[in-house]
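Single-structure report; data block below.
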Amino acid sequence: MKKEKAFIFDLDGVIVDTAKYHFLAWRNLANSLGFEFTEEQNELLKGVSRVKSLEILLKIGNVELTEDKKQTLLIQKNTEYLQYVNKMTAEEILPGINELLDFLDQNNIKYALGSASKNAPLILEKVGLLNRFTAIVDGNDVSKAKPDPEVFLIGAQKLNMKPEDCIVVEDAIAGVEAANAANMLSIGIGDAEVLKEADYVLSDTTGFTTDFIQKILN
Ligand code: BG6
Ligand code: MG
């Protein structure tokens, strides 16, 4: 009999493309502080926690602020981000993901979410996927951010699976590193050069063909 496997999915950049909304909110914040923030610089924030993202942004703008002011800005950024999130619908699920989840359901393969986002449950609810995951681990559940493996190890525990039987789908370098550190199989979504540490790389989520899924399950 084939060994049982499970999937753990990152959210932002794998299930939905929220990077564009994070970008709009961070750019507005940067502009309000008097500096520019480009889409290229936004790449640096992928997979990175909200607090760490602000630190990176302030470094780009060469701005130093008090802790109190930083807290205010974090709330301001998230409030704007949530305005975009609240308008999200199932249309924003990335191509191939619904089919992949259907395949996993039909084959009794469990899956969990392993995301750095504290907004993960809300986003899943908005796109109609909240009830499909066996377990959800998000930014509220972890004390150590990716590339630390904590988020995925908790995911495996909640799925009642051994780490080595879990397959992680990630679009960020830090996420691939976290999966590797957890001793899980890593599938990167994006540029193979950037995600070179992943066991497999797909340029986008349409790459989850039945053939590919069968290959990684065997
Ligand atoms: C990650 C995103 O999934 O979540 C990051 O890739 C984001 O860009 C992080 O900063 C935290 O998200 P949130 O929703 O808690 O601000
Ligand atoms: Mg991501």
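The values are calculated or read from the model by the stated rules, or taken from the named source; none is laboratory data. This is a predicted model, so every value here is computed, not measured. In this analysis, Cβ positions are derived from the backbone assuming ideal geometry, glycine residues included, and neighbour counts consider all displayed protein chains. All accessible areas refer to the heavy atoms of the entire protein, side chains included, with ligands and DNA or RNA removed. Shrake-Rupley method; radii C 1.70, N 1.55, O 1.52, S 1.80 Å.
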The ³J(HN,Hα) series, computed from each phi in the range 40-49 with the Karplus coefficients 6.51, -1.76 and 1.60 at θ = phi - 60°, rounded to the nearest Hz and given as x for glycine or proline, is 5, 5, 4, 4, 5, 9, 5, x, 8, 4
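Given a 1.4 angstrom probe, what's the average accessible area per residue across the chain, in square angstrom?
50 Å²
Hey, any idea what % of the range 1-137's accessible area is carbon plus sulfur with a 1.4 Å probe?
Working: 3440 of 7100 Å².
The C+S portion of the solvent-accessible surface of the range 1-137 is 48 percent.
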In terms of the charge dipole of the chain, which places +1 on Lys and Arg and -1 on Asp and Glu at the beta carbon, the residue among Ile173, Leu100, Phe7 farthest towards the positive end is Phe7
Summing -39500 (n - 2.57) over every DSSP H run of at least 4 in the chain, dividing by its residue total and rounding to the nearest 500, the 222 nm mean residue ellipticity is -12500 deg cm²/dmol
A student asked for the Cα radius of gyration and Dmax of the range 18-59 in angstrom ought to give 9.1, 25
The long-range amide H neighbours of Leu113, using H built 1.01 Å from N in the peptide plane and a cut-off of under 5 Å, are Phe9, Ala135, Ile136, Val137
Under Stokes-Einstein, the range 1-119 at 4 °C and 1.567 mPa s, with its Kirkwood radius over C-alpha pairs, diffuses with a coefficient in µm²/s of 80 µm²/s
For the range 78-218, using Cα atoms only, the Rg and Dmax in Å read 14.7, 44
Packing-ranked peptide list from 30-41, 127-138, 13-24, highest mean Cβ count within 10 angstrom first, is 13-24, 127-138, 30-41
A correct Karplus calculation of ³J(HN,Hα) over the range 153-163, with 6.51 cos²θ - 1.76 cosθ + 1.60, θ = phi - 60°, whole Hz and x for Gly and Pro, returns 5, 5, x, 4, 4, 5, 7, 6, 10, 6, x
Whole-number value, in Å³ per residue, for the convex hull of the alpha carbons of the range 1-71 is 108 Å³
Partner aspartates and glutamates whose C-alpha sits under 13 Å from that of Lys87, ignoring same-chain residues fewer than 8 away, are Glu125
Sequence order, the range 50-60: Karplus ³J(HN,Hα) from phi using 6.51 cos²θ - 1.76 cosθ + 1.60, θ = phi - 60°, Hz rounded, Gly and Pro as x, gives 4, 5, 5, 4, 4, 4, 5, 4, 5, 5, 4
For the range 97-171, inverting the pair-averaged 1/r of distinct alpha-carbon atoms gives a Kirkwood value in Å of 12.9 Å
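Can you pick out the pairs among Lys59/Lys158; Lys162/Lys215; Lys77/Lys110; Lys3/Lys144; Lys20/Lys144 whose Cα atoms lie more than 27 Å from each other? Walk me through the numbers on the way to the answer.
Values: Lys59/Lys158 37 Å; Lys162/Lys215 20 Å; Lys77/Lys110 34 Å; Lys3/Lys144 30 Å; Lys20/Lys144 25 Å.
Over 27 Å Cα-Cα: Lys59/Lys158; Lys77/Lys110; Lys3/Lys144.
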Any residue on another chain or 5+ positions along whose placed amide H is under 5 Å from the amide H of Leu130 is listed here as Glu125
